[in-house]
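Reviewing the structure listed below.
The values are calculated or read from the model by the stated rules, or taken from the named source; none is laboratory data. It should be emphasised that the depicted structure is a prediction, and the values quoted were computed from it without experimental measurement. All Cβ positions, glycine included, derive from the backbone under ideal geometry; neighbour counts span all protein chains shown. Heavy atoms of the whole protein, side chains included, go into the accessibility calculation; ligands, DNA and RNA do not. Shrake-Rupley method; radii C 1.70, N 1.55, O 1.52, S 1.80 Å.
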Amino acid sequence: MKKLSDIGTIKELLSRYGFSFSKGLGQNFLVNPSVCPRMAEYSGAGEGVGVIEIGPGIGVLTQELCELADKVVAVEIDKRLIPVLGETLAEYDNVRIVNEDVLKLDLNKLIAEEFAGKRVVVCANLPYYITSPVIMKLLEDKLPVEAITVMVQKEAAQRICAEVGTRQSGAVTVAVNFYSKPELLFSVSAGSFMPAPKVDSAVIRLNVYSEPPYSLSDDSKFFRVVRAAFSQRRKTVLNSISSSLGLEKAVVNGVLLESGVNPQARAESLSMDDFCAIAERIPI
Ligand code: SAM
């Protein structure tokens, strides 16, 4: 079963299963035939590689991944799609579908059970309502993955791939850069999906560091500081960190000065080293 990006084929398939799209689950299926092969190619899927896919939908990207990789494990929350995937992926014996919420899944355990001895990558057209939580889970769980290639809304892609220390950056930029080097790969128009979303998308790849460049006594403090600093973007770091973490201003002021950070600066102008220095000193 090929040509899953053909609108006629998709409509026939979905009507046969009585399937209707769920907006709440971010179900916008790819119908542009050029996108999935490119994504699969960029993902690093190949010989000796295991791939985790999140949200296979009807399996359009899954098929491309199955062609390239040793094995694919696709995690799909919507049980109505499981029989559809049984049909569209019938010709592949290197795929396993897991009917779960990816946010609740122990992915380290899954990798150990499914991909022993293989290199591992993640590739997905993400449901947009959980873009940041999924990306942060993949990184914070410290999975042994080499790269995470995902389709996200264009604005999210630009935010994630912005330079830390610039106006375009946000908490997610800093968090992602802690674990990986993000790269913007290519744009995808809204018309490439069925149903078409309101905004364009882009494919990004997070090249995960095998040895994290930042070594801290407690990583979780770094993420709490970053979230606090960006919680009120227009305020100074002194005000946003103290109010968000419930700390005395004088204490935060001292920490910032010891860290070499101007207390009147905005979060978006701080560097990775600034956030690390603050995280090592902040009394939380
Ligand atoms: N990969 C398909 C494609 O490109 O056409 C579908 C992508 S669609 C944007 C997102 C998919 O993620 C849907 O199939 C949806 O049911 C699934 N999904 C939504 N939330 C999920 C979750 N928490 N865990 C796993 N899958 C989820």
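Note on LYS249: lysines with a C-alpha under 24 Å away, same-chain residues under 8 apart excluded, are LYS221, LYS235.
Summarising the overall dimensions of the range 188-280 from its C-alpha atoms, the Rg and Dmax are 17.7, 54 angstrom. Centre-to-centre, using Cα atoms only, the range 218-264 and the range 127-143 are separated by 24 Å. Restricting attention to the range 104-198, which trypsin sites (Lys or Arg not before Pro) occupy a DSSP loop and are surrounded by at most 14 other Cβ atoms within 10 Å? Of the trypsin sites (Lys or Arg not before Pro), the ones in loops of the range 104-198 whose Cβ has at most 14 other Cβ atoms within 10 Å are LYS142, ARG167, LYS198. The P(r) of the range 7-208 has a tail past 25 Å containing 32 percent of all C-alpha pairs.
Using Cα pairs closer than 8 Å and at least 6 residues apart in sequence, work out the relative contact order for the chain, in percent. Result for the chain is 15 percent. Accessible surface for SER220 stands near 60 Å², nearest 10, in the context of the full protein assembly shown (1.4 Å probe). Solvent exposure of the chain, expressed per residue, is 45 Å² of accessible area, with all protein chains present and a 1.4 angstrom probe. The accessible area of GLU87, taken with all protein chains in place and a 1.4 Å probe, comes to roughly 50 Å².
Using the rule -39500 (n - 2.57) for each DSSP H run of four or more residues, divided by the residues of the chain, the 222 nm mean residue ellipticity is -11000 deg cm²/dmol. Partner lysines whose Cα lies under 27 Å from the Cα of LYS3, excluding those fewer than 8 positions away in the same chain, are identified as LYS11, LYS23, LYS71, LYS79, LYS154, LYS198.
Sorted largest first by accessible area at a 1.4 angstrom probe radius, with every protein chain in place, the residues ILE97, ILE52, ILE77 fall in the order ILE77, ILE97, ILE52.
For the range 219-281, the carbon plus sulfur part of the accessible surface works out to 45%, probe radius 1.4 Å. Protein heavy-atom surface of the range 7-208, 1.4 angstrom probe: 49% of the accessible area is carbon and sulfur, with nucleic acids and ligands not counted. Under 5 Å between amide hydrogens, built in the peptide plane, is the criterion, and for PHE29 it picks out MET194 among residues at least 5 positions away or on other chains. Averaged over residues, the count of other Cβ atoms within 10 Å places the peptides 250-256, 120-126 in the sequence 120-126, 250-256, highest first.
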